[in-house]
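Each remark here refers to the structure printed beneath this line.
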Amino acid sequence: MDNALVALFGIKDCDLLKTEEASENGKTYRRISLTYSGSVEEFCPNCGKKLYKHGTRQLNIVDAPMGGLPVNIDITFPRKRCLDCKTMWKPTFENIDENHKMTNRAFLDITQRSLRTTFEDVSNDYMLSPNTVKNVFVEFLEENKENLRFQTPAFLGIDEIKIKKLGEVTVITDLEHRTLFDMLLGRNQRTLTEYFMNLPDRENVLWVCSDMYRPFEKSISTAMPNAHWTIDHFHVVMKANEAVDSVRRKVQDSMNKKERIQTKRGMAYTLKTRRKGLTLQEAELIRNARGSAKYQPMAIAYDLKEAFFDIYDDNPSSKDNAMRAFDEWVQSIPKDEIYDKFRELAGTVYNFYTQIFQYWDCPIAISNGYTECMNRLIRENNLRGRGYSFEVLRGRTLYRKSNLNAIIKNGLAIGPQIDEYAPVFHFDSTKEDDEAYEDDDYEPFPEPENDGDTETKTTR
Ligand SMILES: [Zn+2]
């Protein structure tokens, strides 16, 4: 019997007393009763004196569901006590997590299931409360924290996302592999410096790409001494879109409500679309604006925005030419007050001049542009779970069922892959996965609604 129990449950040194289907609150489950049959200590491990019998106890644990039924296991075991030093002896069980009152494999299985379905569903499979399932999930991630780390990126992206009820979340990516690396709650110099100081192999980070957030400077130079800091062009050109918006709003200010709404509907999106992405209709809207005194500033703003994007697009390999193009662009901003937002953008570029143009020195093309797509998915993931705690959201976003085991066993893996034009966080499921789970096609992260050019058509 012993061998069968080892094979079925991984539990050694026990005999099977009985197995039966039982029910509780209308739910059927399998109850398995075992009794300890392993060796019993004769002498006190503490003082060496003789141990005396001290009754029996029962350990109640849950195991992974079998044959579609939740499994509960009772193990009866003896206790012994030293009369001299009062040391209590009891057997230790392999593969059982006595703290969580479950087998080790149930602990992993609950976590894996929680990555794919709701805590509620998992709790039904296990006859545990949803809250217990959630706690197991969070504790598993916490206990395996050291192993559940991805390889420190050489090209590291830092981005920020605001999540309802959680506030600011810093999203860290591996820009070389286009994978998610980590998420942390908050965004200030202290949090970031502390996080990066504790990053293993932090000296391996060569490039950090982020938005224009001055406190990064200190965090990066302190914690990642070999890293160059560069500003992601995505965040820079976004400012040009904001400037176009500001011009449109100012033009709309002089309109009546109806015209204002019409203009917004017709132009807001069009103005932020790249020239090459305009439909014939949209192109005509801009052409018409050019010829109308009232609308003209929007067309001029559009050209300024396009010219700003072109600083990057037309000079992919020459930093000098890009710098020159920027100078020319600054000169081309009309003096009128309505274009102040573009002058403001020029000022921002001067403020971060080194970091912005350092972008051209980076040996690989790095950009956080795709994180916009990822950020939306993090938000959606959060919506689906309605008010996840940060730890739950982080776990559900960073880890997939199929990679959890692999990370724990081998460490050093890369995070979930992010691909602009495909479902995010896709992982090839292993063969083992497919056999063990029928619900493998469950996809907790919905596909992006719009698989087009998210970089230029995103509104913030
Ligand atoms: Zn003793």
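The values are calculated or read from the model by the stated rules, or taken from the named source; none is laboratory data. Model, not experiment: these values are computed from the prediction. Glycine also receives a Cβ, built like all others from the backbone with ideal geometry; neighbour counts cover every protein chain displayed.
Quick notes
- Restricting E160, E142, E168 to residues that are out of contact with any Pro (no Cβ under 9 Å at 6 or more places or on another chain) and either part of a helix (DSSP H, G or I) or without any contact (Cβ under 8 Å) to a residue 12 or more places away in the chain (or both) narrows the list to E142.
- Note on segment 45-61: residues that are assigned to a strand (DSSP E or B), within 12 Å of the ligand (Cβ to nearest atom) and not charged (D, E, K, R) amount to 2.
- Matching residues in segment 25-44 - criterion: being within 16 Å of the ligand (Cβ to nearest atom), surrounded by 11 or more Cβ atoms within 10 Å (Cβ to Cβ) and assigned to a loop (DSSP other than H, G, I, E, B): V40, E41, C44
- Some residue of segment 103-118 being under 22 Å from C14 (Cα atoms), in a strand (DSSP E or B) and of a type in the set (V, I, T): yes
- Cβ separations smaller than 6 Å between residues 6+ apart or across chains give the following pairs from segment 227-254 residues that are without any contact (Cβ under 8 Å) to a residue 24 or more places away in the chain to residues that are part of a helix (DSSP H, G or I) and among the polar types (S, T, N, Q): Q252/T263.
- The residues of segment 145-178 that are closer than 14 Å to N198 by Cα and either hydroxyl-bearing (S, T, Y) or in contact with a Lys or Arg (Cβ under 7 Å, 6 or more places away or on another chain) (or both) amount to a single one, T152.
- Residue check for A7: within 30 Å of Y126 (Cα to Cα), away from the ligand (no atom under 16 Å from the Cβ) and free of Cβ contacts under 8 Å to residues at least 12 places away in the same chain: yes
- Hits in segment 197-248 (condition: in a loop (DSSP other than H, G, I, E, B) and among the polar types (S, T, N, Q)): N198, N226
- The numbered conditions (1) out of contact with any strand residue (DSSP E or B) (no Cβ under 7 Å at 6 or more places or on another chain); (2) under 30 Å from Y302 (Cβ atoms); (3) among the basic types (K, R); (4) outside the structural domain of L345 (by TED's automatic domain parsing) are all true for R248 except (4).
- When A325, A299, A346 are screened for being hydrophobic (A, V, I, L, M, F, W, C), touching an Asp or Glu at 6+ places or on another chain (Cβ under 8 Å) and at pLDDT 95 or above, only A325 passes.
- Selected residue (criterion: nearest to the ligand (Cβ to nearest atom)) from residues of segment 62-74 that are out of contact with any Phe, Trp or Tyr (no Cβ under 8 Å at 6 or more places or on another chain) and not acidic (D, E): A64
- Of everything in segment 75-100 that is more than 10 Å from the ligand (Cβ to nearest atom) and among the basic types (K, R), the residue that is surrounded by the most Cβ atoms within 10 Å (Cβ to Cβ) is K80.
- Count of residues meeting criterion [in a helix (DSSP H, G or I) and not hydrophobic (A, V, I, L, M, F, W, C)] in segment 172-196: 6
Yes/no per residue for (1) modelled with pLDDT of 90 or more; (2) assigned by TED's automatic domain parsing to the domain that holds A413; (3) surrounded by fewer than 22 Cβ atoms within 10 Å (Cβ to Cβ):
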| residue | (1), (2), (3) |
| --- | --- |
| K165 | no, yes, yes |
| L175 | no, yes, no |
| L180 | no, yes, no |
| L184 | yes, yes, yes |
| Q189 | no, yes, yes |
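- Neighbours by Cβ (under 6 Å, 6+ apart or cross-chain): first from segment 36-60, at positive phi; second within 16 Å of the ligand (Cβ to nearest atom): G55/R79
- Restricting A22, A4 to those that are part of a helix (DSSP H, G or I) and either on the phi < 0 side of the Ramachandran plot or loosely packed, with under 12 Cβ neighbours inside 10 Å (or both) reduces the list to A4.
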